[in-house]
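> First the structure, which I've put down as structure tokens, then a few questions once you've had a look.
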């Protein structure tokens with residue numbers, strides 16, 4: 001199989017999985033992982049193993065961009081403000097996680113060295129998975145901000161603790177070749193070198209963006225990121241720290257940080273799909289069963305350590321109740337950093353490190369599938385996720401999409417039959433008469449049910465006489481958050497805006513055309529001429545557009561025939 005076929009297959013499967021995931025309310029990250037898992041050795045085994053080596057640079061670049069974006073979330077002012085709360089929370093969570101995992105595995109008969117290594121690796125949180133779920137949900141608030149902060153601190157701590165624990169294991173084993181000062185110096189040099197590389201890259205990006213036009217920024221950014229990634233890999237430096245520092249430097253040294261970040265959106269989405277689908281195709285469900293009781297204990301103890309570590313430390317960090325309850329579950333995803341460190345352990349000691357790596361690879365499957373779900377639930381339950389992102393809503397049906405494609409194709413080919421001239425038509429002739437609205441007394445759950453079963457982006461709110469008293473717009477729901485514990489108090493009338501965009505059945509179609517030019521709504525309610533203005537239909541932008549296309553094509557053909565007759 002050619003590598004291009006593999007990429008196309010992974011993208012196609014991810015696209016389908018994403019659509020199914022929306023319907024099932026799964027994070028896209030989870031859907032992409034499952035798509036890759038199905039194509040991998042666990043199910044259909046369609047992805048050749050040697051293709052992963054070719055795709056590795058793309059997946060690492062995707063991770064680098066995510067880490068860069070994570071770093072841009074920390075301007076200096078915010079870092080100073082968060083430090084007093086984030087550091088105690090991180091220390092408490094790290095301490096309890098390491099202690100619980102290490103002690104629990106020792107009680108199960110695991111050697112002290114292996115247990116301590118696993119306890120250290122349990123600290124790491126998957127940055128790409130966690131941050132992309134937060135971006136997808138559009139969440140904003142204390143839980144979201146603190147999640148990004150602790151993800152950063154956790155992964156830095158995991159790298160440092162791993163090296164210190166490994167040094168301690170060697171010294172306890174009586175390895176005379178180990179020089180503690182040399183090991184610590186190497187660790188310090190690696191961390192400093194990685195941070196310095198990111199610092200230098202950040203200055204280059206900020207300075208260059210001042211000189212270059214925005215149209216050239218994307219090439220600059222991808223070039224710098226590729227260069228930094230290559231240097232980090234060649235020098236065996238922790239590239240995650242490099243790109244975190246890169247983001248921090250850019251956001252604090254550039255006046256166009258938001259525009260710089262926006263440049264990645266054009267390519268970041270594609271790389272994200274590749275990253276998670278490839279990552280999923282590398283997973284093997286058999287490893288999950290092979291780790292047995294020890295693996296199950298690692299999963300439970302890590303979850304308990306992170307959740308309770310945050311919960312018990314929160315009162316001393318002066319954070320809100322939402323942070324205390326929901327921050328821990330948002331930190332459970334685990335993948336890249338833990339896998340990388342486990343691979344390092346196997347390289348240094350094939351026997352002990354091999355056992356550690358097997359447990360990490362086996363349990364990563366659980367954490368990568370369940371972690372995104374819990375992160376999404378955390379920001380939803382804490383009230384930081386916009387309403388629109390918590391529901392499944394589509395803006396069209398398969399038949400309407402097919403009809404639109406056929407209208408344009410047949411019009412372009414001259415196959416469309418004669419249609420009435422739109423300048424002689426009124427709204428009543430093109431509106432849809434079978435429509436429903438939302439009762440103004442409907443509670444939040446009833447509103448959600450209506451929106452999920454509608455393909456429009458504008459929803460009329462009706463009183464007892466079916467008169468339109470307001471409009472709920474889907475795009476405004478994106479800007480609204482809610483307290484899930486108080487959703488029964490939120491009514492449709494609270495979410496509605498005044499009905500300033502309405503049509504009458506007797507109005508000419510040209511009035512509707514002009515109205516759609518002034519609004520982003522994809523449909524406009526049609527109400528009766530007499531008061532109260534009862535809802536009698538709706539006019540959709542797509543229907544009007546198709547009508548205008550047919551009318552224009554008909555006029556063009558008539559003009560063409562007239563010109564031909566004149567020539568004759």
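The values are calculated or read from the model by the stated rules, or taken from the named source; none is laboratory data. Note that this is a predicted model, so its numbers are computed, not measured. We place every Cβ from the backbone using ideal geometry, glycine too, and count neighbours over all the protein chains shown.
> State which residue is modelled with the lowest pLDDT when the search covers only region 213-248 and only residues that are out of contact with any helix residue (DSSP H, G or I) (no Cβ under 6 Å at 6 or more places or on another chain) and outside any helix (DSSP H, G or I).
Among residues in region 213-248 that are out of contact with any helix residue (DSSP H, G or I) (no Cβ under 6 Å at 6 or more places or on another chain) and outside any helix (DSSP H, G or I), the one modelled with the lowest pLDDT is 236.
> Hey, another quick one. When you go through 305, 262, 269 one by one, which is the residue that is under 26 Å from the mean Cα position of the chain (by Cα) and buried (at least 16 other Cβ atoms within 10 Å of the Cβ)?
When all the criteria are applied, what remains is 305.
> Tally the residues that are farther than 15 Å from residue 285 by Cβ and surrounded by fewer than 22 Cβ atoms within 10 Å (Cβ to Cβ), restricting the search to region 359-373.
Qualifying residue count, region 359-373: 1.
> Something else about it: Scan region 209-232 and give yes if some residue there is under 18 Å from residue 155 (Cα atoms) and in the same structural domain as residue 69 (by TED's automatic domain parsing), otherwise no.
yes
> Residues to consider are 134, 89, 105, 100; find the one that is under 17 Å from residue 326 (Cβ atoms) and over 23 Å from the mean Cα position of the chain (by Cα). Quick ask: steps written out before the conclusion?
Values: 134 fails: over 23 Å from the mean Cα position of the chain (by Cα); 105 fails: under 17 Å from residue 326 (Cβ atoms); 100 fails: under 17 Å from residue 326 (Cβ atoms).
After applying the criteria, what remains is 89.
> Follow-up question, since we're still on this one. Out of the residues in region 174-186 that are assigned to a helix (DSSP H, G or I) and touching a helix residue (DSSP H, G or I) at 6+ places or on another chain (Cβ under 7 Å), state the one that is farthest from residue 239 (Cα to Cα). Let's see the steps before the verdict.
Step one: filter region 174-186 for residues assigned to a helix (DSSP H, G or I), giving 180-186.
Keeping just the survivors that are touching a helix residue (DSSP H, G or I) at 6+ places or on another chain (Cβ under 7 Å) gives 180, 183.
Working: 180: 24, 183: 19 Å.
This residue is 180.
> While we're here: Determine whether residue 157 is surrounded by fewer than 20 Cβ atoms within 10 Å (Cβ to Cβ) and farther than 24 Å from residue 186 by Cα. Steps first, please.
On the way: surrounded by fewer than 20 Cβ atoms within 10 Å (Cβ to Cβ): yes; farther than 24 Å from residue 186 by Cα: no.
Here the answer is no, as residue 157 does not meet what is asked.
> Out of (1) over 27 Å from residue 86 (Cα atoms); (2) out of contact with any helix residue (DSSP H, G or I) (no Cβ under 6 Å at 6 or more places or on another chain), the odd one out for residue 377 is which?
For residue 377, the failing item is (1).
> Residues in region 1-43 that are assigned to a loop (DSSP other than H, G, I, E, B), more than 27 Å from residue 380 (Cα to Cα) and in contact with a helix residue (DSSP H, G or I) (Cβ under 6 Å, 6 or more places away or on another chain): how many?
Residues in region 1-43 being assigned to a loop (DSSP other than H, G, I, E, B), more than 27 Å from residue 380 (Cα to Cα) and in contact with a helix residue (DSSP H, G or I) (Cβ under 6 Å, 6 or more places away or on another chain): 2 in total.
> I've got another one for you. Within region 187-203, is there a residue that is assigned to a loop (DSSP other than H, G, I, E, B) and either touching a helix residue (DSSP H, G or I) at 6+ places or on another chain (Cβ under 9 Å) or within 27 Å of residue 364 (Cα to Cα) (or both)?
No, every residue in region 187-203 fails to be assigned to a loop (DSSP other than H, G, I, E, B) and either touching a helix residue (DSSP H, G or I) at 6+ places or on another chain (Cβ under 9 Å) or within 27 Å of residue 364 (Cα to Cα) (or both).
> Is it the case that region 145-156 has a residue that's in contact (Cβ under 8 Å) with a residue 40 or more places away in the chain, in contact with a helix residue (DSSP H, G or I) (Cβ under 9 Å, 6 or more places away or on another chain) and not in a helix (DSSP H, G or I)?
Within region 145-156 (the criterion being in contact (Cβ under 8 Å) with a residue 40 or more places away in the chain, in contact with a helix residue (DSSP H, G or I) (Cβ under 9 Å, 6 or more places away or on another chain) and not in a helix (DSSP H, G or I)), the answer is no, since none of the residues qualifies.
> In region 464-484, what residues are at pLDDT 85 or above and surrounded by fewer than 12 Cβ atoms within 10 Å (Cβ to Cβ)?
464, 465
> Out of region 260-269, which residues are part of a helix (DSSP H, G or I) and touching a residue at least 40 places away in the same chain (Cβ under 8 Å)?
Scanning region 260-269 gives 260, 261, 263, 266, 267, 268.
> Right, another one. Go through (1) within 29 Å of residue 260 (Cβ to Cβ); (2) modelled with pLDDT under 90; (3) assigned to a helix (DSSP H, G or I) and name the single condition residue 53 misses.
The failed condition is (1).
> Residue 68 is checked against (1) part of a helix (DSSP H, G or I); (2) touching a residue at least 60 places away in the same chain (Cβ under 8 Å); (3) over 25 Å from the mean Cα position of the chain (by Cα) and fails just one. What number does that condition carry?
For residue 68, the failing item is (3).
> Hey, residue 163 hits all of (1) farther than 18 Å from residue 70 by Cα; (2) surrounded by 13 or more Cβ atoms within 10 Å (Cβ to Cβ); (3) modelled with pLDDT of 90 or more but one; which does it fall short on?
(3)
> Right, next: Given the structure, is residue 448 modelled with pLDDT under 85, surrounded by fewer than 18 Cβ atoms within 10 Å (Cβ to Cβ) and part of a helix (DSSP H, G or I)?
No: the conditions fail for residue 448.
> Among all residue pairs at least 6 apart or on different chains, which show Cβ distances below 9 Å where the first residue, located in region 39-63, is closer than 18 Å to residue 336 by Cβ and the second is loosely packed, with under 13 Cβ neighbours inside 10 Å and modelled with pLDDT under 85?
Between residues of region 39-63 that are closer than 18 Å to residue 336 by Cβ and residues that are loosely packed, with under 13 Cβ neighbours inside 10 Å and modelled with pLDDT under 85, the close pairs are 62/270.
> Given the conditions (1) in a helix (DSSP H, G or I); (2) crowded, with 24+ Cβ neighbours inside 10 Å, report the number of the one that residue 125 does not fulfil.
If we test residue 125 against (1) in a helix (DSSP H, G or I); (2) crowded, with 24+ Cβ neighbours inside 10 Å, just (1) comes out false.
> Could you count how many residues in region 84-114 are free of Cβ contacts under 8 Å to residues at least 40 places away in the same chain, over 20 Å from residue 307 (Cα atoms) and assigned to a helix (DSSP H, G or I)?
Count: 3.
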